[in-house]
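Report on the following structure.
The values are calculated or read from the model by the stated rules, or taken from the named source; none is laboratory data. None of the values given here were measured: they were computed from a predicted structure. No Cβ is skipped: glycine too gets one built from the backbone with ideal geometry, and neighbour counts run over all protein chains shown. What goes into the accessible areas is simple: the full protein's heavy atoms, side chains included, and nothing from ligands, DNA or RNA. Shrake-Rupley method; radii C 1.70, N 1.55, O 1.52, S 1.80 Å.
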Amino acid sequence: TNFLSDNSGQHDATPSGRLSRSAPFVISEALSRALIERQLRVIYQPQVQGHDECLAGFEALLRWHHPVQGEIAPSAFIPVAESTGLISSLGQWVIEEVCRQIRRWRSQGYQVPLVAINVSVLQLNQSLLTQVARVLADYHLEGACLEFEITESRLMQNFDECVHVLSGLRQQGIRISLDDFGTGYSSLDKLALLPLDRLKLDKCFVEALTGASHGYHMIEAVVRMAHALHLAVVAEGVETPRQQQLLGELSCDILQGYLFGAGGDANTVISYLSRDPDDAPVHDPNARRPA
Ligand code: C2E
Ligand code: MG
Ligand code: MG
Ligand code: MG
């Protein structure tokens, strides 16, 4: 396989638009090296239950620290990984890394409720099913400790195969969540046909909650629809106690955002797990900034 074939120049710039002095920085080339040279890591952002703020799980978020360019955002490199085909090995690395980490936490005596992994629609094929089954078996894990987040844009392009693969994942016990809900183009009739467990409300809805009055009613309607379809609702981008309060009123099941923590490494996760929910609130004012 040749991951370096994308030399069209289209991705030569750094996220800030600069070019490095010696050679142009080509994200696709650097990214395939990043995988080999251990420049990637995963951080874990807490998710809490809407009604009592108890820890519900974590979302795994990929981080890339390039030795010269510094931190490169997923929004800059995930699309490149998708357009070059590198997303399969990248995505597989994330799944393997998360499973390795869950096993490590367990061997240290910590039970992590659930870890949600972002999975590109381009990964949804037959070989994902066998890969995931193998990784779960290798680390002696049950599928119920994982959730896969799929972004709704693109899902509709290859609908039948996606449904088939998502069903296969659910048969392994993995929960499926539809990420960035409300920002794509999914038709509502197809939504009901997707094998889903959760809808993840995009943070733009949470932002709109405290703005114009229709923001509140929009979420109210989405929650009602989701619950009618037996889906739990996760709100992302929760940053203020006011948003938390309103989302609670609206029966939003799970909350995630800087208010509860921006995400951190394996040891940060342990500090969340060791916390007693009765005498220490999950939200730590020092953990609100992005990692
Ligand atoms: P996403 O899955 O919707 O993830 C949520 C994004 O919102 C994350 O950005 C997270 O850091 C950020 N966020 C969390 N809480 C707050 C908040 O309170 N306020 C605001 N303004 N932002 C918040 P991040 O980590 O930069 O990831 C961006 C996107 O990149 C993700 O969106 C996801 O689509 C993609 N991504 C990240 N990791 C992976 C991965 O391992 N595989 C794939 N395929 N995509 C990934
Ligand atoms: Mg996500
Ligand atoms: Mg999202
Ligand atoms: Mg997003």
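Just a few scattered comments:
- When the surface is traced with a 1.4 Å probe over the full set of protein chains, GLU71 keeps roughly 100 Å² accessible.
- Beta bridges per DSSP with both ends in the chain, % antiparallel, nearest 5: 40 percent
- Note on the stretch 61-184: Kirkwood hydrodynamic radius from all Cα pairs is 15.3 Å, rounded to one decimal.
- The stretch 133-151-the stretch 19-94 distance, computed between alpha-carbon centres (Å): 19 Å
- The stretch 151-172 residues near the modelled ARG134 label - backbone nitrogen below 20 Å, point 7 Å along Cα→Cβ: 165-166, 168-172
- Surface analysis of the chain yields an accessible area of 47 Å² per residue, using protein heavy atoms and a 1.4 Å probe.
- Accessible area of the chain belonging to carbon and sulfur atoms, whole % at 1.4 Å probe: 51 percent
- Mean ellipticity per residue at 222 nm, deg cm²/dmol - from DSSP H runs of n ≥ 4 across the chain, formula -39500 (n - 2.57): -11500 deg cm²/dmol
- Estimated D of the stretch 105-170 in µm² per second, where Rh is the Kirkwood radius over Cα pairs and Stokes-Einstein applies at 25 °C, 0.890 mPa s: 189 µm²/s
- Where a label projected 7 Å from the Cα of ASP197 along Cα→Cβ would reach, residues of the stretch 120-152 with amide N under 11 Å: 143-149
- Once the Cα-Cα distance is subtracted from the 0.36 nm per residue extended length, the ASN267 to HIS214 segment shows a gain of 15.0 nm.
- GNM result for the chain, Cα springs below 10 Å: residue of GLN256, GLN244, GLN111 fluctuating most strongly: GLN111
- In plain terms, if you count all Cα to Cα distances in the chain and split them into 10 Å steps from zero, the share in each step is 6, 27, 34, 25, 8, 0 percent.
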